[in-house]
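A short write-up of the structure that comes next.
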Amino acid sequence: MNAPMQGHQGLERAIRNAMLIDGAWCQAASGETFAVFDPASGSEIARVPAGAQADIDAAVAAARRAFEGAAWRDTLPAQRERLLLKLADLVEQHGEELARLETLNNGKLLAHSQGMEVPGAVQWLRYMAGWATKIEGSTLEVSVPFPPGTRYSAMTRRAPVGVVGAIVPWNFPLLMAVWKIAPALACGCTVVLKPAEETPLTALRLGELALEAGFPPGVLNVVTGDGVPGAALVAHPGVDKITFTGSTEVGRLIGARCGQDIRRVALELGGKSPVIVLDDCDPAMAIQGAAGAIFFNQGQVCTAGSRLYVARKHYEQVVEGLGRVADATVLGSGFDPASQMGPLVSSRHRDKVMGLIGGGRAEGAEIVAGGTALEREGYFVRPTVVANSACKDLTLVREEVFGPVVVAMPFDDPEAVLAEANRSEYGLGASIWSNNLRAVQRLVDGLHAGTVWVNTHNVVDPNLPFGGYKASGVGREHGRSAIDAYTELKSVCMAY
Ligand code: NAD
């Protein structure tokens, strides 16, 4: 256990205690605020406005004015590209500050904020900037026979969908915000962003950098608060599209409301991703791969490899090796370079994870490593390995924990493991560890997952579509799919 370091000193200037509506910093109409915490110490680091209906009304009105009145939708694509590139440059220039802010607010390792989250945000902004000038439709042949002698020219065009309400979770606060705003802005939409109540700080700083980059007032608004402003945004008649990343439970509510109002909606939800280790895989590689798949970001990853299926031949060795990795993991503040795992995001989330581990114990799960929270300040839970050679129906195998908890299970037959892997309400990610091409390809064919990785896990790229089967969501982000998601397809048919 390391002594926490004061790596967040000097961040005071980067912390915004106001929200961004129509290019101006403001407090909530109610005047209410809520506290934001450092998960490594449990201490309060900021108070931000508690947005509600009136603030969402103001933000949506500003976004609507910017979209229509101020004609953001009619800006030249090259202008939107230039602004997004400028924002990417600013995020890069302020990368160290943003990385520290993210670690302070979320708890994740500083090395991950510096090496993945902030560079990822820059990469996505630059990639989506490129799309602004490449949005295209098709020319089409039609076969309309009347009036005689008339000919037709037909095409499709893509138009920005309008005002987008973007609601994001706390696990990658900056990156998730960029995953939404970058393609939306590239397409000519305006945005009301609602960060998670646990982690609003980098989203607010992103809004400030967008102003500095030259985005006009109202094009990007950031309203802080919990599910109250979130639900107000979802139900707002002035919003054309909701894009949500978060839990399946909240996703169901949002999907239902958007269905009722016939509002466009994209949902990126929970997961229970299987990691499948075939019998030709080197056990050392499997141990390393499985540890990375579940313990990265304290397991707070929607595609975390939380169900580990290992060919029986390697099962004991892999479980033992994974247990050793878990036991040896150094927990501590994300600012301490010696730390290998930070805290969970909040006391509430720690209690939820500990509750699920306790429930697993009560159901007879064998805890091979971890299974306890650290008795100190901050919200630390030890990386936990559960061996489950008998009971396939543990709650821990079915329910998303969203923490550093993996359940390992042996298998004998690759056909049977495919059925087990698919026996989940979720279908976000999966990984296969093997060089047996035939076996790998058959699993790739059969897995119900939006992303299948082979000999890797949790790899994402702005050009690679991402989203879920089944209860893991509706729609795909990234690549061309993101452009489709933030545009309406308009068919044009001209007689001549
Ligand atoms: P959450 O659903 O509790 O909250 C997500 C966001 O929704 C927050 O901003 C929250 O304030 C807001 N919200 C809460 N209630 C709302 C309501 N009724 N209406 C509108 N908005 C509301 O999720 P979380 O705990 O912050 O995040 C963890 C979950 O997110 C996990 O289930 C995880 O798998 C999922 N997730 C999915 C992906 C993906 O791409 N599929 C990525 C990251 C996280």
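Numbers below:
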{"quantity": "Qualifying residue in the stretch 467-478 (condition: under 25 Å from H314 (Cβ atoms) and among the aliphatic types (A, V, I, L, M))", "calculated": "no"}
{"quantity": "Selected residue (only one of G450, G468 is free of Cβ contacts under 8 Å to residues at least 60 places away in the same chain, within 11 Å of the ligand (Cβ to nearest atom), closer than 24 Å to A184 by Cβ and surrounded by 14 or more Cβ atoms within 10 Å (Cβ to Cβ))", "calculated": "G450"}
{"quantity": "Index of the failed condition, Y152 passing every other in (1) over 23 Å from A71 (Cα atoms); (2) in contact with a Pro (Cβ under 9 Å, 6 or more places away or on another chain); (3) aromatic (F, W, Y)", "calculated": "(2)"}
{"quantity": "Filtered residue count, the stretch 27-43, keeping only those that are open to solvent by 20 Å² or more (accessible area, probe 1.4 Å) and closer than 18 Å to T199 by Cα", "calculated": "9"}
{"quantity": "Residues of the stretch 64-91 classified as closer than 20 Å to G165 by Cβ and without any contact (Cβ under 8 Å) to a residue 12 or more places away in the chain, total", "calculated": "2"}
{"quantity": "Top-ranked residue of the stretch 68-90 - restricted to ones that are in contact with a Lys or Arg (Cβ under 9 Å, 6 or more places away or on another chain) and open to solvent by less than 10 Å² (accessible area, probe 1.4 Å), ranked as farthest from D22 (Cα to Cα)", "calculated": "A88"}
{"quantity": "Matching entry among L253, L174 (being more than 9 Å from the ligand (Cβ to nearest atom) and not assigned by TED's automatic domain parsing to the domain that holds V301)", "calculated": "L174"}
{"quantity": "Hey, L489 in a loop (DSSP other than H, G, I, E, B) and either among the charged types (D, E, K, R) or out of contact with any Phe, Trp or Tyr (no Cβ under 9 Å at 6 or more places or on another chain) (or both) or not", "calculated": "no"}
{"quantity": "Criterion: touching a residue at least 40 places away in the same chain (Cβ under 8 Å) and either surrounded by 24 or more Cβ atoms within 10 Å (Cβ to Cβ) or more than 29 Å from L76 (Cβ to Cβ) (or both) - qualifying residue of A213, A159, A186", "calculated": "A186"}
{"quantity": "Unmet requirement for V228, which otherwise passes all of (1) near the ligand (Cβ under 10 Å from one of its atoms); (2) crowded, with 22+ Cβ neighbours inside 10 Å; (3) in the same structural domain as C189 (by TED's automatic domain parsing)", "calculated": "(2)"}
{"quantity": "Lone qualifier among V397, V368, V353 - being assigned to a helix (DSSP H, G or I), in the same structural domain as R307 (by TED's automatic domain parsing) and without any contact (Cβ under 8 Å) to a residue 60 or more places away in the chain", "calculated": "V353"}
{"quantity": "Residue match in the stretch 328-336 (condition: surrounded by 19 or more Cβ atoms within 10 Å (Cβ to Cβ), of a type in the set (S, T, Y) and in contact (Cβ under 8 Å) with a residue 12 or more places away in the chain)", "calculated": "yes"}
{"quantity": "Flag if I56 is open to solvent by 10 Å² or more (accessible area, probe 1.4 Å) and either assigned to a strand (DSSP E or B) or in the same structural domain as R126 (by TED's automatic domain parsing) (or both)", "calculated": "no"}
{"quantity": "Exclusive hit being modelled with pLDDT of 95 or more, surrounded by 22 or more Cβ atoms within 10 Å (Cβ to Cβ), not assigned by TED's automatic domain parsing to the domain that holds E141 and not in a strand (DSSP E or B), set A421, A430", "calculated": "A421"}
{"quantity": "Of all residues in the stretch 234-250 being near the ligand (Cβ under 7 Å from one of its atoms) and surrounded by 18 or more Cβ atoms within 10 Å (Cβ to Cβ), the one that is farthest from E399 (Cα to Cα)", "calculated": "V234"}
{"quantity": "Residues satisfying the stated conditions in the stretch 92-109, i.e. buried (at least 24 other Cβ atoms within 10 Å of the Cβ), assigned to a helix (DSSP H, G or I) and either touching a residue at least 60 places away in the same chain (Cβ under 8 Å) or not assigned by TED's automatic domain parsing to the domain that holds Q123 (or both)", "calculated": "L98, L101, E102, T103, L104, N105, N106"}
{"quantity": "Residue among E375, E363 that alone is at pLDDT below 95 and touching a Cys at 6+ places or on another chain (Cβ under 8 Å)", "calculated": "E363"}
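The rows are residues; the columns are (1) within 14 Å of the ligand (Cβ to nearest atom); (2) of a type in the set (A, V, I, L, M); (3) out of contact with any Lys or Arg (no Cβ under 7 Å at 6 or more places or on another chain).
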site: R264; (1), (2), (3): no, no, no
site: L267; (1), (2), (3): yes, yes, yes
site: S306; (1), (2), (3): yes, no, no
site: G360; (1), (2), (3): no, no, yes
site: E366; (1), (2), (3): no, no, yes
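A quick yes/no check of all residues on (1) within 11 Å of the ligand (Cβ to nearest atom); (2) open to solvent by less than 10 Å² (accessible area, probe 1.4 Å); (3) in contact with a strand residue (DSSP E or B) (Cβ under 8 Å, 6 or more places away or on another chain); (4) of a type in the set (G, A, S):
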| position | (1), (2), (3), (4) |
| --- | --- |
| R257 | yes, no, no, no |
| I276 | no, yes, yes, no |
| M285 | no, no, yes, no |
| I294 | no, yes, yes, no |
| Q298 | no, yes, yes, no |
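The values are calculated or read from the model by the stated rules, or taken from the named source; none is laboratory data. No experiment lies behind these values; they were computed from the predicted model shown. Here the Cβ is made from the backbone with ideal geometry for all residues, glycine too, and neighbour counts use every protein chain on show. Keep in mind that these areas ignore ligands, DNA and RNA; they rest on the heavy atoms of the full protein, side chains included. Shrake-Rupley method; radii C 1.70, N 1.55, O 1.52, S 1.80 Å.
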